[in-house]
Amino acid sequence: MVAGAAVAYGLTRPQPYPAEHWAGLGAPDVANGETLFWAGGCVSCHAQKDAKGEEQKVLSGGRALPTAFGTFHVPNISPDPKAGIGAWTLAEFGNAMTRGVGPEGEHLYPSFPYSSYARMTPKDVNDLFGYLKTLPASPNVAPPHDLSFPFSLRVTLGGWKLLFFSAEPRVALNAPSDIVKRGQYLVEGPGHCGECHTPRNALGGLQTDQWLAGGPNPEGEGRIPDITPGSQTIGSWSEGDIANYLETGFTPDFDSAGGSMVEVQQNLSHLPKSDLAAIAAYLKAVPAR
């Protein structure tokens, strides 16, 4: 029994990367960090609702995210040393981003999409962290999560990670071009598009056999559309149509982005056109559903 418990703990304990994983990365490329900031949509969760202009860069947290498991409150990730992440090291930030492990060695809840960020390179994590440190500090302290039992017990997250957490590609692509590979990195990694556009099972794990096929809104209102080549939403769009939509918010029929996609599109519009083209190429290359 003791041996079984030891094995179970070994499989489900928090597992940060070793220190050397984050060593020797040098000075961050802050310009690339800003690109990743917009690709990751940090504003959409960590800034105050309806923030505009420079206020979008005050990542004070506090937004409530209602789910079937309870309500998560988004943390402050501004450079404030007490309320935010100003006192964190690169390793602490990187392990939170890519391993779902907090600075005290605790499991983090996957309402923070580390299961997507796990695909980010150490260099990109370093660049993003460098950029975040240039933003305004906020002393706002976000409320604690309000979760029902047993989800309030962080120890259960070890089992969730064992079942659903992986840094492997979400889909296998047949001899992808460099542009499709870049799109796959952006969509499956920092862009974390599948966190909304892929259905989940009863435990909140992504049903990757239905990758990007749409499903119920994780926050409980309406549905998120299918964005695979077989969809009735963008299935007939060309790569150029998709890239233009991400840049301007306008569909080929001169309709415009709506709902939660408005903010997502506004974030993505900051990306270089080459990255928007890469995202479009990847979305045309994934399996149709």
*Residues that are touching a helix residue (DSSP H, G or I) at 6+ places or on another chain (Cβ under 7 Å), surrounded by 15 or more Cβ atoms within 10 Å (Cβ to Cβ) and polar (S, T, N, Q): find the helices (runs of 4 or more DSSP H) completely inside segment 209-289 holding 1 or more of those.*
261-268
*What number goes with the only condition from (1) outside the structural domain of THR71 (by TED's automatic domain parsing); (2) closer than 26 Å to GLN15 by Cα; (3) in a helix (DSSP H, G or I) that GLY183 does not pass?*
(2)
*Please determine, by comparing only the residues of segment 99-132 that are basic (Lys, Arg) and outside any loop (DSSP other than H, G, I, E, B), which one is surrounded by the most Cβ atoms within 10 Å (Cβ to Cβ).*
ARG99
*Condition met for ALA213 (over 16 Å from the mean Cα position of the chain (by Cα), in contact (Cβ under 8 Å) with a residue 60 or more places away in the chain and not assigned by TED's automatic domain parsing to the domain that holds PHE112)*: yes
*Hits in segment 178-205 - residues which are surrounded by fewer than 22 Cβ atoms within 10 Å (Cβ to Cβ), touching a residue at least 60 places away in the same chain (Cβ under 8 Å) and of a type in the set (A, V, I, L, M, F, W, C)*: ILE179, VAL180, CYS196
*Please work out which one of (1) within 17 Å of the chain's Cα centre (by Cα); (2) at pLDDT below 95 is the condition LEU268 fails and give its number.*
(2)
_Tally up the residues in segment 107-164 that are closer than 23 Å to ALA87 by Cα, β-branched (Val, Ile, Thr) and more than 18 Å from the chain's Cα centre (by Cα), please._
2
_Selected residue (only one of PRO144, PRO150 is free of Cβ contacts under 8 Å to residues at least 60 places away in the same chain, of a type outside the set (A, V, I, L, M, F, W, C) and farther than 22 Å from TRP22 by Cα)_ = PRO150
*Looking at (1) in the same structural domain as GLU92 (by TED's automatic domain parsing); (2) in a helix (DSSP H, G or I), find the lone condition where LEU135 falls short.*
(2)
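The values are calculated or read from the model by the stated rules, or taken from the named source; none is laboratory data. Because the structure is a prediction, the values reported are computed rather than measured. As a convention, Cβ positions derive from the backbone with ideal geometry for all residues, glycine included, and neighbour counts pool all protein chains shown.
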